[in-house]
1. Could you give the Stokes-Einstein D for region 22-174 in µm² per second, using the C-alpha Kirkwood radius, 37 °C, 0.692 mPa s?
2. So how many Å³ per residue does the convex hull of the Cα atoms of region 433-479 work out to?
3. About the Cα centre of region 520-588, what is the dipole size in debye to 20, counting +1 per Lys and Arg Cβ and -1 per Asp and Glu Cβ, all else neutral?
4. So if I take the centroid of the Cα atoms in region 439-484 and the same for region 45-71, what is the distance between those two points in Å?
5. With angles folded into 0 to 90 degrees, how steeply does helix 473-488 sit against the dominant principal axis of the chain? Use alpha carbons for both and round to 10.
6. Relative contact order (percent) for region 746-819, with alpha-carbon contacts under 8 angstrom and 6 or more residues of separation?
7. Lys and Arg at +1, Asp and Glu at -1: add these up for the other residues within a Cβ distance under 13 Å of VAL493 and post the number.
8. Which shape class applies to region 525-613: rounded if a/c is under 1.5, otherwise prolate when a/b exceeds b/c and oblate if not, where a ≥ b ≥ c are the square roots of the Cα gyration tensor eigenvalues?
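The values are calculated or read from the model by the stated rules, or taken from the named source; none is laboratory data. All of these numbers come straight from a predicted model, not from anything done at the bench. Using ideal geometry, Cβ is built from the backbone for each residue, glycine included, and neighbour counts are taken over all protein chains shown. Please note that ligands, DNA and RNA were not included when accessible areas were found on the heavy atoms of the full protein model with its side chains. Shrake-Rupley method; radii C 1.70, N 1.55, O 1.52, S 1.80 Å.
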Amino acid sequence: MLSDIRYAFRRLSKAPGFTLTAVLTLAVAIGGVTAVFSIVESVLLRPLPFGDSGRLVRLHEGIANSFEGDLPAPDVIQFARDNRTFSAVGGFAPSEYELTGAGEPIHARAERVTAPLFPMLGVSPALGRNFTQSEDDNAAPVVLMSYTLWHERFHADASIIGRTIDLDRRPYTVIGVMPRTFEFPLDPGRLSHRDLWVPMSFTPDEKQEETDNFQFGAVARLKPGVTLAQAQSDLERMVAVIQAQVPAQLGIRLTSHVAFLKEETVQNARPLLRILLAAVFLVLCIACANLANLLLVRAAGRRREFGVRLALGAANRVVLRQLLTESLLLSAIGGLLGIVIATVAVHLSSVFLPSSLPRIAEVSVSWPVLLFAFALIVSTGVLCGLAPALSSMRADVLESLRDGGQALSGSRGQHRLRGALIVVEAALALMLLVGAGLLVRSFARMLETDPGFTSQHVLTAHLSLPEHSYLAQPQVDSFYIELLRRVSALPQVRAAGASSNIPLIGIGSDRAFRPEGYVAPHDKPNFLAASNYFVMGDYFRAMKISLLRGRFFAAADDQSDAPLTAIISQSAAQQDWPGQDPIGKRFKMGGGDVKGARPSITVVGVVADIRQGPLDQAVFPQMYEPFSQFHRQYEPEAQKQIGTRGSMHLVLNTTGDPTALAAVLQRTVHQLDPLLAVENVETMDAVVSSTEAPRRFNTILLSSFAAVALLLSLLGIYGVLAYSVSERAKEIAIRMALGATRENVLGRILRSALTLAASGIALGLAASLWLTRFLESLLYGIQPLDLTAFLGAVCVLLACALLAGWLPARRAASIDPMQILRSE
């Protein structure tokens, strides 16, 4: 074997062009497969980073024919207390805090968690300890810190345990630092990272919100031997008890659902990753076909060598072993280079991977990935070298020696095999071109979607006033009124406003309301729902949201004795008052008057729909209310419990580059409150771009695979035709001597290229008609059998096949028949 390896090295070193081409082809293909598989292994195959994660489940609750989401706070408590199938239940809910006293104020993302959650996950802090049940029950001001925050903000100071930090300007004691790679919850998205974890400590108001607030997540651990079906039955039993306590006049029927935590974490990422893995495997297959073709050509050129060996008594297995050794050596060199490429790509994955993928921080070239790459290298080397080796073993010894090595032409079987490999390459390339075409058209269709607002020249920033410093809502109102007055006076600002949410980032408050006189259809809840926005200033003008009917808010709407007003979106008008003029119509918040006499709200305007989430998501009805009437829409007894609302997004419409105002905006805010953190200062163009990132990533990556596949296919077509011209030079010379024109020769070679491409197209179309249905979940605005994408892919492949055949055809047409025949 060592002798075979040394001989293979000598043979390959004497053909540097062939060796470099083969190695680079395999490096790109194997590197791509390894990089994508490392993502698949980290996201889909690797267990969740929790103890015995296969027993962890996620609990859901919802309203029939309306929605399914998380749980109300009372149900988290009841499920933990009354279940029969879970060893523990943990609750969690997002929160946010202003972190001050450690450098520049920052807005920290936090998660409220119940005391049993982390022990149930099998996670302990890297420093310090977990929460206790007493701290959870008594709302103790203690906090767990993320490793990243501890390292970047507190310089990895081990003495942080026991120190106090200021959260919303109240002292909290740091009791622990979580491990470096810990992340919970494992939700994908641009706002998924958590800096802090604090005790859940349900408030009295939250404990009363039985059907009003389905926003508390719950994770449970199955008892040993308990199945998912048994857990589902147990959950339905507990929900039936809750259902009996829901007032009948609400007209709602509660539903429940339990699913494995890992399945929920990766379910949205699975279709994309499977398609990317399949695509990169197609590229690998094309690379293998190309290498096999190259090895077949080399084998044909070494017919005399193999004939002499066999004539001198060499066994067939010796020739087979030698050729397989060369193939394996090429695959090993290309594979090792591919692993380097994959490692670099994975290292940069945090930059180019979309935030919609979960567990991005865990992506790495692990030992399972390296074992997979090793198996890929071996199998690629064997498969690529097997056909040329078997073909050489079947060579006729006498014919090889009689030719004297002068004829390079292989057997008819070798010709057919090389042609078949090219047809397969073209078919695989067409499949990738069709997939890329579908994603390109889908992405273009998404970009054509009207978001309902104008993003150009708009700057946004998020502020959150700490409730313990701004105790009354009038304080909050006064702060934002003064801030908007100051920024509106800046010469570069055309309009300034603020809103509790901004479009596209998908963070909204979906609230129930009931129009006056509304009668719910059969089996429907006795209320409707809309995404709720509290706005102030010139928000609509700053975002350029079109007014379709009625009016915008006026200064009179902010008066304490003014009637409550609202502006609704076009889809809300169609949902709530179909076929009617909604102006002047009234509704009440909540599912009826169960909690008291809530005041009526009057519709004064209708505006265009905006997209709350990414552009490829459906529009949900929207409702806008003046920020000043946040408290007044509730009944008096509830106003004391809900506290203040100080979280707002500023929106500035500028005359020039909006980023030039970022520093001015921060200085203006700090003039009013030096401790207030200003976060997410970015343009709306950047927000739009970030929401387009997942589809852009899908499109670019699959298009890149398609481009590589097309290039490899073209090289294959070119190589086969160029070799065919060289071995048929005598035949072409005789034809030309007998009267064939250069145009005849040129057309004959081009027809060969088109024949190979057409055969591949026919095979590829048949496969694509079946395979494109798996792309449906990634498409927007088009069907999987989109005619334009299919025709475009066919035209591109045919044009490139003509290009690949043009150079060999020109070479054949330029043959001098007298010179060739004289040499013969």
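1. 171 µm²/s
2. 153 Å³
3. With only Lys, Arg, Asp and Glu charged at Cβ, the dipole is about 160 debye.
4. 30 Å
5. Compared with the principal axis, the helix lies near 50 degrees.
6. Once divided by the residue count of region 746-819, the mean separation gives 57 percent.
7. +2
8. Cα axes put region 525-613 in the oblate bin.
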